[in-house]
Every structure is written in structure tokens, then in C-alpha cells.
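Novice: Questions regarding the structure given below will be posed in turn.
The values are calculated or read from the model by the stated rules, or taken from the named source; none is laboratory data. Keep in mind that this is a model prediction, so the values were computed, not measured. Positions of Cβ are backbone-derived with ideal geometry, glycine not excepted, and every protein chain shown enters the neighbour counts.
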Amino acid sequence: MRGDLTNPVPEVNEHSEEEVLLNQWAEQDYAFGFVSDIEQDIVPKGLNEEVIRWISARKEEPSWLLDWRLKAYRHWLSMPTPEWAHLEIPAIDFQDISYYAAPKAAAKLNSLDELDPEIKSTYDKLGIPLEEQLILAGVAVDAVLDSVSVVTTYKEKLAEKGIIFC
């Protein structure tokens, strides 16, 4: 008999020690980094054709690229989830992910002087002082934050050579 009212079976903790440690680690503040307080445009969580169209429009992409992205998305939808050898990986909830974030900016920037001071500070914290490029003659810098180019130096000289940053 597994138990009765006078001698109940004790509850078993269903969480392994590994799960407990992982949860403790995940709930900690990140001790080795920093947070930059930069206002952002963030697409709501989820992935569908509407989100892909919104991102493409936001990035001002040509129609051929949007068509390519939609074709790839439709193909991805038809693909089975991989079966990993000897691993138990929980299913990824692709609808619980935001697929686009970018610093809010009023317009395209032409020089480092126009860049948000908080973004400059972020690069300094990462050990990439953007002002340093002014000292390095002839070196172009394309500053990227959240996968979005926020400023490119020597843009006109590069364009003359056929190099264009999108």
C-alpha cells in the first residue's frame, strides 16, 4: 500500500538539483555586464507574415528581399523540428520571441556628433571608443546596435568607391 490517511506518502520534489541550480542562475542579475538605457522600437512577440512584412518595411528593404524572406518563412513552417541525438531539448516557443529591436532614432545620422550619447557610452563600456576612429586616419566605422547600423563614418568617401551600408 502506497499510503493511507494515517501514513501518507511524502511529496517528492519533481525538480532535479540541476533544474533548481539552473533556475537560481537564470533569476540572478547579470553580474558581468551592464544595461544601456536606450529608447527602442521593439516589435511585439511572435512570428508570422505580418511581422516579417513590418520588419521589412521598417528596414526599408526592397520588395525582392521581402519576397525572399516570406518564401524562406513559408519553407521554415513546413520543416519538422529536429530530433537531437541523446538530448532532451524542450520545444522552442517561436511565438514568445521578439524578432526586431532597434534604437529609436529621428533620422539617419551623418556623423558621430549626432549619435545619442548613451549609445556612445555603450560602445565605450564595450571597449570600442568611437571617437578613437577620428584619430585613425582612413579607417571607417559602421556602429551597429541591436543589428541596426546607427552611424557610419566616411559614408560619402565609401559611397564614391561603391561601398554602401544599408
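Novice: Which pairs have Cβ atoms under 9 Å, sit 6 or more apart or on different chains, and link a residue in the range 22-43 that is over 21 Å from Asp116 (Cα atoms) to one that is in a loop (DSSP other than H, G, I, E, B)?
Specialist: From the range 22-43, the pairs are Asn23/His15; Val43/Ser98; Val43/Tyr99; Val43/Tyr100.
Novice: When you go through (1) more than 30 Å from Lys155 (Cβ to Cβ); (2) at pLDDT 95 or above one by one for Pro80, which number turns out not to apply?
Specialist: That leaves (2) as the condition not met.
Novice: Looking at Leu109 and the list (1) over 15 Å from Asp41 (Cα atoms); (2) at pLDDT 70 or above, which single condition is not satisfied?
Specialist: Just one mismatch for Leu109, condition (2).
Novice: Given (1) touching a residue at least 24 places away in the same chain (Cβ under 8 Å); (2) surrounded by 10 or more Cβ atoms within 10 Å (Cβ to Cβ), identify the lone condition not met by Asp96.
Specialist: Failed condition: (2).
Novice: Pairs under 6 Å by beta carbon, first residue assigned by TED's automatic domain parsing to the domain that holds Ile119 in the range 134-158, partner at pLDDT 70 or above and of a type in the set (D, E, K, R), six or more apart or different chains?
Specialist: Ser149/Asp142; Thr152/Asp142
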